[in-house]
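What follows is a set of notes on a single structure, which appears directly below.
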Amino acid sequence: MNYQAVVLNALERIEAELLDGICTEVLAREAFFSQYHFQRIFRKITGMSVMEYVKKRKLSLAAEEIAYGTQNILYIAFKYGYQSNEAFTRAFKAFHHVTPSETRQYRIRKSLEKFQIIADNKRADFLL
């Protein structure tokens, strides 16, 4: 069985439904694996859990919106599933090493860690 194809399909599904919320159970069922086995395959190929991937993707997209957009930071925090500005700021800073306000103020581009596993042509960089 081609586990890379299974994970790539899961990544595409996650990307398509990133803001809607998707659970590991659904992804595992669609791949015809138990949730436990699916998680093991996903972690072995990507180096992280499904939910860790989802969190990092959301934080990457949020950083792009903050750096290049005009939306209120609190609105962006809620959009990406955070219940408070404080929780969002802690998660953002832990991942990007700068606060959302610093990102907006200085339009930090180079130092933002882009977490781009899915490229425009829908192939995973780590599978190359």
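We did not get these values from a lab; they are worked out from the coordinates using the rules stated. What you see is a predicted model, and the numbers here were worked out from it, not measured in a lab. Cβ: placed from backbone, ideal geometry, glycine included. Neighbour counts: every protein chain shown.
Estimated translational diffusion coefficient (Stokes-Einstein, Kirkwood radius over Cα pairs, 10 °C, 1.306 mPa s) of the stretch 3-52: 150 µm² per second.
If Lys and Arg each add +1 and Asp and Glu each add -1, what is the summed charge of the other residues whose beta carbon sits under 14 Å from the beta carbon of F38? All intermediate terms of the calculation are to be shown ahead of the outcome.
Numbers: positive: R13, R29, R40, R43, K44; negative: E25, E30.
Net of charged neighbours comes to +3.
The distance between label points at Q105 and Y3 comes to 4.5 nm (points 7 Å beyond Cα on the Cα→Cβ vector).
Each label point was placed 7 Å from the Cα along the Cα-to-Cβ direction; for E25 and A87 their separation is 2.0 nm. Subtracting the Cα-Cα distance of A67 and H97 from their residue separation scaled by 0.36 nm leaves 9.4 nm. The order of the peptides 88-100, 55-67, 19-31, 37-49 by mean Cβ neighbours within 10 Å, most packed first, is 55-67, 88-100, 37-49, 19-31. Whole-Hz Karplus values for the stretch 61-74 come out as 5, 4, 4, 5, 5, 5, 5, 10, x, 10, 5, 4, 4, 5 Hz, taken residue by residue from phi with 6.51 cos²θ - 1.76 cosθ + 1.60 and θ = phi - 60°; glycine and proline positions read x. Across the stretch 85-96, coupling constants 3J(HN,Hα) worked out from phi with the 6.51/-1.76/1.60 Karplus curve, θ = phi - 60°, read 5, 5, 5, 5, 4, 4, 5, 4, 5, 4, 8, 9 Hz, and Gly and Pro carry x.
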